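Comments concern the structure below.
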Amino acid sequence: MADNVDDDSLYRIKEGDYVVLKRGDIFKAVQIQSTKKVIFEKQWFFLDNAVDQLYSSTFEILAGGILQPLKPKDTESSTDSKEAGTDNRNIVDDGKSQKLTRDDIETLKEQGLKGQEIIQQLIENSSTFRDKTEYAQDKYIKKKKKKYENTVTILKPSCRILAMMYHGREPGKICHLRYDTLAQMLTLANIHAGSKVLVFETCAGLVLGSIMERMGGYGSVIQMYPGGGPVRAGVESFGFPAHFHDMLHEFPICHVNALLAGTLDTTAKDPSADSKQSSMSAEEEQNQPEAERQGSPEEQSMETNSGADGRQDPEKEERERRKEARAEEKKVKQEEKRKKLAAAAALLEGMNADGLVIASRFHPCPVLMGLLKFLSPSRPFVVYSQYKEPLIECYTKLKEQGGTVNLRLTDTWLRHYQVLPNRTHPVLLMSGGGGYLLSGTTVATDRSKPAGSLRAEEPAPKRLKLTDTEG
């Protein structure tokens, strides 16, 4: 019986969970926090009443931002009309067909009428609704539902849902990576539990989180990051348990050459961080006004008096304590960073990674050539780019260098269909392109041959062959 309770708790919303709000085709990732106001689609509400409810439940937003769970029968439309016209030729959109004014609708809202009841009032007070065709009536009802039904659905975060959210709201943050392309990347890279995967991405952590979700908390993920630190905003939205983060490691891409050459010192301080900190301190001191550096006349007189009396200024002692605390905190952070760097370097030194995934706004060729050396033979790799020209260059380099087989450069293609009785057709507005993928498999090379020579049994292709795959 206890097992059933535990299983049921996995599907219920809890305090502190990361969830995804959905209304129509719009998504937003938020965290469940008590008495915290959430703004979604120009409406504000509180998520307190969502706690202990099942995921994928639909709620109605009442006055005061209170959520009320809706039963399945409440979500069904009760505004279907039995009367319908044969065509719309005699209907004129002159704005006079609706008897209810804006003030009347606001009055209905103040009276506490629900969205479906307001829509029913609009239908009854429309002089042209019954003359419209059945298709036009359905379109009218959907339009009014979107405007007057104050409902929101709470979903459990997943790779697909978050990919759709980012692609719909901020596609530039994820390099316009579409969710079907992301699914192909996970398949081509053979992501599974217990493997060791290298990831280089600048997609706000979406690709990294998708790989961690597929691995289920087992194995190792090494994130190769550019700049001062890794970006993992998308990983937080997944709401992984704490043990998922134990498998996650990080390694700066700028130290790859030193690691390959065997000159990386993980015990020394990071000179780039120290130089950056010292330059920032010098710049801040230079930009600080002379009066602030010397202190106010009152502070100077207080310091003089305290020095003369042989007593310390309490404010000065407090500043010194804060300075020492900041220095100690900085020292602890540097020590943690060195430990993480050493742990990631130990994983990379084995040169036995099981997969490589690259999805970045940077040019992928130098990154791919450098990170391929950390893969074991007979291991997959996949590179995503919004444009095909960088991947063509990678394809050519790999063919010249050798050490890889089964190279494929593909263009993902996806088409949405509206499936309804007597009106099934492709959706009029859809994504024009899902980017390009370069995938392949590493093989053991002959060490006696010079680097860059082609294997005899694998001649260089005369032309590239692009394969289109329908999603």
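The values are calculated or read from the model by the stated rules, or taken from the named source; none is laboratory data. This one's a predicted model, so the numbers in the text were calculated from it and none came from an experiment. No Cβ is skipped: glycine too gets one built from the backbone with ideal geometry, and neighbour counts run over all protein chains shown. These area figures cover heavy atoms from the full protein model, side chains too; ligands, DNA and RNA do not enter into them. Shrake-Rupley method; radii C 1.70, N 1.55, O 1.52, S 1.80 Å.
Structure notes:
- Taking each residue as 0.36 nm, the span from residue 49 to residue 361 lengthens on full extension beyond its C-alpha to C-alpha distance by 108.2 nm.
- When you work out D = kT/(6 pi eta Rh) for the stretch 94-226 at 4 °C and 1.567 mPa s, using the Kirkwood radius from C-alpha pairs as Rh and the Stokes-Einstein form, the result is 68 µm²/s.
- Between residue 84 and residue 15, the contour length at 0.36 nm per residue exceeds the alpha carbon distance by 20.0 nm.
- Cβ-Cβ FRET estimate between residue 190 and residue 401, R0 fixed at 35 Å, reported to 0.05: 0.95
- Between residue 92 and residue 413, the simple spin-label model (points 7 angstrom out along Cα→Cβ) gives 4.7 nm.
- Taking all protein chains together and a 1.4 Å probe, the residues 153, 424, 107 rank 424, 107, 153 from largest to smallest accessible area.
- Based on C-alpha pairs under 8 angstrom that are at least 6 apart in sequence, the stretch 347-386 has a relative contact order of 56 percent.
- C-alpha center-to-center spacing [the stretch 161-180, the stretch 189-266] in angstrom: 20
- Net length gained if the chain between residue 71 and residue 351 were fully extended (0.36 nm per residue, minus Cα distance): 95.3 nm
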